[in-house]
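The values are calculated or read from the model by the stated rules, or taken from the named source; none is laboratory data. What you are looking at is a predicted structure, and each value in this text was computed from that prediction instead of being measured. Cβ atoms come from the backbone with ideal geometry, glycine included; neighbour counts cover every protein chain shown. Accessible surface is based on the protein model in full, side chains and every heavy atom, while ligands, DNA and RNA are left aside. Shrake-Rupley method; radii C 1.70, N 1.55, O 1.52, S 1.80 Å.
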Amino acid sequence: MQLYIANATRMIQVFSFRLKGRPSATSQPIPIGGQTIASGVNSQDEIDQVLKQHEQYGLVSVDDIERSKTEFHGLCYSVDRPINVSKMEAAMRRNMEVLTRRGEEMRKQAAMSVNNSIESSIEQSGTEANLKKLEFSVVEQEPRGGKPEPLMSEGIRVSRSDAPGEEGRAAQRGGRKGRR
């Protein structure tokens, strides 16, 4: 029996596991979009040991990764058969979509937090000013060395007047202004 472990992330992963009766852990690098056979894992019991160790960290069967449309799965496995390249490509694309959505949501939450903080400061200062809109921009600067990947630029607008039914709380509006 063989346990195939595949890496659906955009960074090299080091897969480490420990088997009962062995003096040390085994560690194997898995390249981006690549897979490896778990070294020294030859029986169903050993496969079960490795899977139990890693399921809590998100390791899933390659069959399960196809069914999940909204979750990030960095590593997946298959028993006795290599993982199909097209399945890995689909998993990597899905992971990028999930991470992009998470990033957008985090930036929206950050804009709301900044808006609420400013409103709170205005309130505490005793001023009559009322914050109606806030524009929040996130721009990725080109790193030293000129990395050839596309840079990200996004704007988010927080506005009270655009939130029907949510008086007294700011509502986020806006989104991606573009990638450079």
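With the whole protein complex present, K69 retains an accessible surface near 130 Å², based on a 1.4 Å probe.
All other residues with a Cβ under 12 Å from the Cβ of Q35 taken together, and with Lys, Arg as +1 and Asp, Glu as -1, what is their net charge?
Spelling it out: positives minus negatives among the neighbours equals +2.
Which entries of K20/K69; K108/K132; K20/K87 have Cα-Cα distances beyond 24 Å here? Flagged as over cut-off: K20/K69; K20/K87. Measuring nothing but protein heavy atoms, the accessible surface of segment 1-142 at 1.4 Å probe radius is 50 percent carbon and sulfur. Taking every protein chain into account, the 1.4 Å probe leaves D45 with about 100 Å² of accessible area, to the nearest ten.
Any idea of the accessible area per residue across segment 1-98, 1.4 Å probe, to the nearest Å²? Don't jump to the answer; show the numbers that get you there.
Numbers: 5520 Å² over 98 residues.
That works out to 56 Å² per residue.
Each peptide among 17-24, 71-78 gets the average number of other Cβ atoms lying within 10 Å of its residues, and from highest to lowest they stand as 71-78, 17-24.
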